[in-house]
Amino acid sequence: MDRIFTRDWDKPQGHLLSVYEEAGGYGALKKALSMTREAVMGEVKAGNLRGRGGAGFPAGVKWGFMAKDDGGPRYLCINADEGEPGTFKDRYIMERSPHLMLEGAAITSFAINAHACYIYIRGEFYSAARRVREAIDEAVKAGHLGKNIHGSGFDLDIHVHMGAGAYVCGEESALIESIEGKPGKPRSRPPFPAAVGLFNRPTIVNNVETIAAVPSIIERGGAWYAALGTPGNGGTKLYCVSGHVKKPGIFELPMGTPLREIIFTHAGGMRGAAPLKAVIPGGSSTPVLTPQEIDVKMDFDGLKAVGSMLGSAATVVFDDTACMVRSLARLAHFYAHESCGQCTPCREGTHWMAKIVDRIESGKGRAGDIDLLDDVASSIMGNTICPLGDAAAMPVSGFLKKFRVEFEEHVTTGRCRFPPQALAPVKTDRAWV
Ligand SMILES: Cc1cc2nc3c(=O)[nH]c(=O)nc-3n(C[C@H](O)[C@H](O)[C@H](O)COP(=O)(O)O)c2cc1C
């Protein structure tokens, strides 16, 4: 299989410009600069590249929504906030292949005619930010970024902006507010960022992995890229697998690889004798699946068909020793902590849900608590400015739908069958495959 993201990850000093150029790096940028903007966009559309930040919106289509060029500033923002629990791919791209992302940023900026690009990096990612800054310096010195790139007349400045580690700042309009120096509170839409975004100018926000896929599409063509995946879901995907498997890590595989194969072949199967109990397929906000549902294809359409989402492809595996009530309590506290507080249903509802799950988990659950929990979750869904409310409510509804028996057992017996346990240390020689 052609490796797009992980090609240089095993090479010593694989993050350096010299290594990247040796493998043909920045050749796609030179090619793009000799094409028309429409042709670049056309290849990305033909490649069926769908946004890797969670929603899976087709990247080329989004670029096409950018407001008409009026000669004023236009921006590209790269979302490197990577806040969804279970996700750990963008930081690896930035640490190990920063030039792949920068080349993608330059091609994308050319396609949308933006001359400034902001990379919004999660506050905790010091080493990733350092690598990206060093890579920008290398690329500017080599003429891949900056003024008159490769004599094309196209200029591009790339800026690194560090966040402060707030999950909500990964939401694109909160990210824009944060870059502008304001508290990271999502904006009401419309207008969408493609019309009114950063500094009230047309802006495209794309995930790191989305942008890092662009050079390969320009280099080898949209048709080639589309054929790597499934219909409507082009390319390869970085799947992040964590939890009760033998070999947790990042796996670059064709889009649409079955979940069963990811868990039992690539991640080495279950860590011990306890069988599989549940899988969160695409990051903590995506509805949980049971062992009977793991033959699903891990692409945007496959997971939608079984009532879940690919999200950021952060697959969290639970074996039969896990308590689903305690697991949900952990998630509910995360969302309550991360709500920005702007919308009442999310501000009040996330804390209310966390309190009810805590009550059930501690054996003090009341008759009616489970229905109340379900009711609070459905009252948040669709009633907030940004999808953080949905992200908090979906795991609650999903856990109750698939594992209601466990919640009922906690309420009726006041006890948990699954004692807390320490996680076994992870034994792995590398984090990606
Ligand atoms: C609460 C919340 C957090 C989000 N966090 C991230 C994130 O950390 N990284 C990311 O790329 N997208 C995140 N998103 C999705 C972004 O809003 C946006 O859809 C994405 O960056 C667009 O890029 P894409 O089209 O390449 O997927 C988040 C959305 C929400 C509602």
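When a/c is below 1.5 the answer is rounded, else prolate if a/b is larger than b/c, else oblate, so apply that to the stretch 324-413 with a ≥ b ≥ c taken from the square roots of the Cα gyration tensor eigenvalues.
Numbers: a/c = 2.06, a/b = 1.87, b/c = 1.10.
Cα axes put the stretch 324-413 in the prolate bin.
Could you tell me which of rounded, prolate or oblate describes the stretch 17-228, using a ≥ b ≥ c as the square roots of the eigenvalues of the alpha-carbon gyration tensor, with rounded for a/c under 1.5 and, failing that, prolate when a/b is larger than b/c and oblate otherwise?
In terms of gyration-tensor shape, rounded.
Convex hull volume of the Cα atoms in the stretch 273-369, per residue, in Å³?
132 Å³
Between the stretch 137-192 and the stretch 28-101, how many Å separate their Cα centres?
12 Å
Tell me the label-point distance for the pair M1, D157, using the 7 Å Cα-to-Cβ offset, in nm and rounded to one decimal.
Roughly 4.1 nm, to one decimal.
Equivalent-ellipsoid semi-axes (√(5λ), Cα gyration tensor) for the chain, whole Å, largest first?
Calculated on Cα positions only, the semi-axes equal 38, 25, 18 Å.
Does the stretch 121-192 come out rounded, prolate or oblate by the C-alpha gyration tensor, with a ≥ b ≥ c the root eigenvalues, rounded set by a/c under 1.5 and, if not, prolate when a/b is larger than b/c and oblate if not?
oblate
Using θ = phi - 60° and the Karplus form 6.51 cos²θ - 1.76 cosθ + 1.60, what ³J(HN,Hα) does each residue of the stretch 192-203 get, whole Hz, x for Gly and Pro?
Once rounded to whole Hz, the list reads 7, x, 4, 9, 9, x, 4, 6, 6, 10, x, 9.
Using θ = phi - 60° and the Karplus relation 6.51 cos²θ - 1.76 cosθ + 1.60, list the HN-Hα couplings for the stretch 248-253 in order, rounded to whole Hz, with x at every Gly or Pro.
So the J values, rounded to whole Hz, are x, x, 9, 10, 8, 9.
Dipole of the stretch 21-138 (Lys/Arg Cβ +1, Asp/Glu Cβ -1, origin at the Cα centre): which of P58, N79, A128 lies farthest to the positive side?
P58
Give the average over all directions of the projected area of the C-alpha convex hull of the stretch 122-279, one decimal, in nm².
The orientation-averaged projected area of the Cα hull of the stretch 122-279 comes to 13.1 nm².
Using modelled amide H (1.01 Å from N, peptide plane; none on Pro or chain starts), what sits under 5 Å from the amide H of H159, excluding residues fewer than 5 places away?
Here the answer is C117, Y118, I119, since their amide H atoms fall under 5 Å of that of H159.
Sort I370, I119 by Cβ crowding within 10 Å, fewest neighbours at the top.
I370, I119
Please arrange V288, V160 by how many other C-beta atoms lie within 10 Å of their C-beta, fewest to most.
Ascending number of Cβ neighbours within 10 Å: V160, V288.
Laboratory data are not the source of any read-out in this text; all were calculated from the coordinates shown. Bear in mind that the values here come from a model prediction, so they are computed numbers and not experimental data. Cβ coordinates were reconstructed from backbone atoms using ideal geometry, including for glycine residues, and neighbour counts include every protein chain displayed.
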